[in-house]
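*Asks:* Okay, here's the structure, questions in a sec.
What follows draws every value from the coordinates through simple rules; no lab data is involved. Quick caveat: nothing in here was measured; it's all calculated off a predicted structure. With ideal geometry, Cβ positions are generated from the backbone for all residues, glycine too; neighbour counts draw on all protein chains shown.
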Amino acid sequence: MKALPEPLPGRFLLLIAPHAGGEGMLELAAHLVLRGSLRVMDCGNRFNAYILARKLYRLRRGDPKQVLERVYVSRAFTCYQVTALLEQAAVCTDPTLLIDLLDTFYDQSVPLGERRRLLDISLEHLQRLSQQAAVVASLRPPRPPQTDPSGLLDAVRAAANLIWYPEISAEHAQLKLL
């Protein structure tokens, strides 16, 4: 996977990749937390502190414990919780990573109109947060040949300042037959 563009304050960067770019987001988290504090909002239950610690160990060749103490993780299990996390998030200069942003918004037990309303509110808060700090969100595209008839993916794309589709290596793209 090619390197993610540099996350900068004043812009909302969107990563669209299989598995919501989980490995890439953890790699980015490792680099960002070496610079200072980091806010992580896990919207798809994909954040793995153990993998982050291994990445930090490789980057620093030491005990990552002190660095990991600067990572503030919150998890959301519903689209209501994602919206609440973003509403309550204070504007600060710490970068914010949202892993698998749309995962909970695809929950069909919540009416589509309500999910769209909550996503619009969430996107307003992402714009607010990105005024002072870098904001990077990841999401996974619908699996081919499916599309996103809900329009949620298009709404996030429209809100982002920069959209990044990493190249997928041939090794990851191939189907493994058993």
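*Asks:* So if a site counts as exposed when it's one of the GluC sites (Glu not before Pro), its DSSP state isn't H, G, I, E or B, and it has at most 15 other Cβ atoms within 10 Å, what's the longest stretch of the chain without one?
*Replies:* By the stated rule (loop sites, at most 15 other Cβ atoms within 10 Å), 70-166.
*Asks:* What are the ³J(HN,Hα) couplings of region 20-37, residue after residue, when phi is run through the Karplus curve with 6.51, -1.76, 1.60 and θ = phi - 60°? Round to Hz, x for glycine and proline.
*Replies:* Here the 3J(HN,Hα) series is 6, x, x, 5, x, 5, 5, 5, 4, 4, 4, 5, 5, 6, 5, 8, x, 5 Hz.
*Asks:* Now for a separate question. Hey, got a sec? Which trypsin sites (Lys or Arg not before Pro) in region 78-134 land in a DSSP loop and have at most 16 other Cβ atoms within 10 Å?
*Replies:* The qualifying sites: there are none.
*Asks:* Another one. Kindly provide the Kirkwood hydrodynamic radius of region 12-170 in Å, to one decimal, from all pairs of distinct alpha carbon atoms.
*Replies:* That comes to 16.0 Å for region 12-170.
*Asks:* Next question, about the same structure. With an 8 Å cut-off on Cα pairs and a minimum separation of 6 or more residues, tell me the relative contact order of region 12-170 in percent.
*Replies:* Relative contact order here is 39 percent.
*Asks:* Another question, then. Would you please name the trypsin sites (Lys or Arg not before Pro) within region 3-97 that are DSSP coil residues with at most 10 other C-beta atoms within 10 Å of their C-beta?
*Replies:* ARG35, ARG61
*Asks:* Report the chymotrypsin sites (Phe, Trp or Tyr not before Pro) located in region 21-58 that are in a DSSP loop and have at most 15 other Cβ atoms inside 10 Å of their Cβ, or state none.
*Replies:* In loop regions of region 21-58 (DSSP not H, G, I, E or B), there are no sparsely surrounded chymotrypsin sites (Phe, Trp or Tyr not before Pro).
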